[in-house]
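Worksheet: the structure to be examined is printed underneath.
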There are 2 protein chains.
Amino acid sequence: MAKATSWSKPVTKALRADGVKVSDLNTSATPGFKGDKKAGEALLAERAGVLSDLQEKLYANGRSGDTRSVLLVLQGMDTAGKGGIVRHVIGSVDPQGVDHAAFGVPTPEEKKHHYLWRIRRKLPRGGQIGVFDRSHYEDVLVVRVHDLVPPDVWEKRYDEINRFERKLVDDGTVVVKVAMFVSLDEQKKRLQQRLDRADKYWKFNPNDIDERAFWPQYQEAYQAVLDRTNTDHAPWYVLPCDSKWYSRLAITELLIDALQGLKLDWPEANFDVDEQKKRLVRA
Amino acid sequence: MAKATSWSKPVTKALRADGVKVSDLNTSATPGFKGDKKAGEALLAERAGVLSDLQEKLYANGRSGDTRSVLLVLQGMDTAGKGGIVRHVIGSVDPQGVDHAAFGVPTPEEKKHHYLWRIRRKLPRGGQIGVFDRSHYEDVLVVRVHDLVPPDVWEKRYDEINRFERKLVDDGTVVVKVAMFVSLDEQKKRLQQRLDRADKYWKFNPNDIDERAFWPQYQEAYQAVLDRTNTDHAPWYVLPCDSKWYSRLAITELLIDALQGLKLDWPEANFDVDEQKKRLVRA
């Protein structure tokens, strides 16, 4: 019931980055969804099961030699809720079928390589859902904002990323990129909470406060990402994240859409079923 | 309520391998648990939350520099339910905190190395729960049963494995080894199901039937594993697995016990909380 009535338009249309202005974004909106928090949470519980079933099919096909995969790329400012997505959305599928990778400040070894080196090493295997908590986009976001390389270096990366993703998609990976945004106020609230609760201290980093001063520069860098890497083969979705229930529901729907697009069926038996049944009786 | 009354003894005692004879094992028993399936499932739902909370603390400490970890080693014949444990038990914790690895037939590259090479590469990072779906024990199980190396080669491995695990534990990994057993009849039923349902074909391998003929040899090989590698630093638990609900509940409890043994607290703030609060107000 909820499913048929709660979305006024498909989430892929409601969130698609085409023409989005980051500075105008209403981060407390729930694009395309007509219900409230309660309806959203109820629907999420239901849709998590659908996602889990589809993921099992993907995994089954991977085990049977299908090399296709899905890659969810999560980008967002601190506190946007990337970890919560992993815990609450990816947490609803079989851990065997998840290739998770978080990309922080590059290690000394990673720094010796091209910025895509560490990314390539963590691409999902066939049949897996890959999840990137941050990604190669850090190299045109934090790197650009803080001048970690000269402009002529990061400037070339947008096209390079498009080519990289083109190849990835041609090789059979469905790429779902989600840019997660909270307002500056909502971020303050969430950081406050991390400072108020001893069980949240570990999530807090004083540097998160420093980064708030760079908000306009980050908005500009995100805008460039959306303007230049929102391709048809690897589209960006812009996700308002002040409401955690909405962001979780929306990403669940994006993953369902990606998996449904693969038109997966259960793999055919690569053995003679009747013959094996007869063998089993005797075994 | 259920918690206080359903276990007649701690699961670590009820399942500890000391003196167990594999050939005498009642695989449909539910050692230490007094309740029925319904009680077991209700308790599992509750204890999954406890496990998840403890796992978050482990992860939080890992993020704060604690290098300790937990490693769950799952060994068992086909259909014993290793995959179900990953899906239903490990699936209840945050995927960010899980390092999962499945060890199948060694790849050509793996074959070029010592058998522990691929194992070492997949050990859990600090703060993670590692899960091995099969493990280095394959090298004294299938390898021994099928004479894949000469006896004087596998013969030395038991002591070597004990030393390997000793080092692992000294380095801060809690090792929980679970040997999962179903009866030959129950296995036949489960294989039958995989042949009866098109959505299960992918789980079936004709070789699983061949292996049934080696049941006594596998029992003997498992017995040797239990007799020779059931150490105090890395104990074996012997798990009857005809009842899936019991095996899931029991492993949940084993993991809870392992995590509680670490006496984890939330990590201390490595910054001045009041100072950061003041900074945040202004930011």
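Things worth noting here:
- Among the residues of segment B:161-197, just one is part of a loop (DSSP other than H, G, I, E, B) and acidic (Asp, Glu), namely B:171.
- Residue in segment B:26-43 that is touching a Pro at 6+ places or on another chain (Cβ under 6 Å) and on the phi < 0 side of the Ramachandran plot present: yes
- Exclusive hit being under 19 Å from residue A:72 (Cα atoms) and surrounded by fewer than 21 Cβ atoms within 10 Å (Cβ to Cβ), set A:163, A:197, A:248, A:212: A:163
- Listed by position, the helices (runs of 4 or more DSSP H) inside segment A:1-109 whose residues that are under 30 Å from residue A:268 (Cα atoms) and among the hydroxyl-bearing types (Ser, Thr, Tyr) number at least 2 are A:37-63.
- Within segment B:52-75, the only residue that satisfies the criterion of being farther than 20 Å from residue B:172 by Cα and crowded, with 22+ Cβ neighbours inside 10 Å is B:75.
- Taking the criterion of being more than 14 Å from every other protein chain (Cβ to nearest Cβ), of a type in the set (Gly, Ala, Ser) and over 13 Å from the mean Cα position of the chain (by Cα), the residues of segment A:229-273 that qualify are A:243, A:261.
- The set of residues in segment B:184-197 that are more than 8 Å from chain A (Cβ to nearest Cβ) and of a type in the set (A, V, I, L, M, F, W, C) contains only B:184.
- Tallying residues that are touching a residue at least 40 places away in the same chain (Cβ under 8 Å), in contact with a Pro (Cβ under 9 Å, 6 or more places away or on another chain) and of a type in the set (Lys, Arg) within segment B:50-91 yields 2.
- Across segment A:231-283, the qualifying residues are those that are closer than 30 Å to residue B:210 by Cα and aliphatic (A, V, I, L, M), and the one among them that is modelled with the lowest pLDDT is A:283.
- Any hit, segment A:257-276, residues being of a type in the set (Phe, Trp, Tyr) and without any contact (Cβ under 8 Å) to a residue 40 or more places away in the chain: yes
- Within segment B:119-141, the set of residues being away from chain A (no Cβ under 14 Å), touching a helix residue (DSSP H, G or I) at 6+ places or on another chain (Cβ under 8 Å) and surrounded by fewer than 18 Cβ atoms within 10 Å (Cβ to Cβ) comprises just one member, B:123.
- Flag not set for residue A:123, criterion: over 25 Å from residue B:103 (Cβ atoms), at pLDDT 95 or above, among the hydrophobic types (A, V, I, L, M, F, W, C) and touching a strand residue (DSSP E or B) at 6+ places or on another chain (Cβ under 9 Å).
- Hits in segment A:20-31 - residues which are more than 10 Å from residue A:246 (Cβ to Cβ) and touching a strand residue (DSSP E or B) at 6+ places or on another chain (Cβ under 6 Å): A:20, A:25, A:27
- Scanning segment B:198-228 for residues that are more than 9 Å from chain A (Cβ to nearest Cβ) and in a loop (DSSP other than H, G, I, E, B) yields one hit, B:214.
- Cross-chain or 6+ apart pairs with Cβ under 9 Å, segment A:92-116 first and at the interface with chain B (Cβ under 10 Å from one of its Cβ atoms), then assigned to a strand (DSSP E or B) and of a type in the set (Ser, Thr, Tyr): A:99/A:69
The values are calculated or read from the model by the stated rules, or taken from the named source; none is laboratory data. Only a predicted model underlies this, so the values are computations on that prediction, with no experimental measurement involved. Counting neighbours? That spans all protein chains shown, and the Cβs are built from the backbone with ideal geometry, glycine included.
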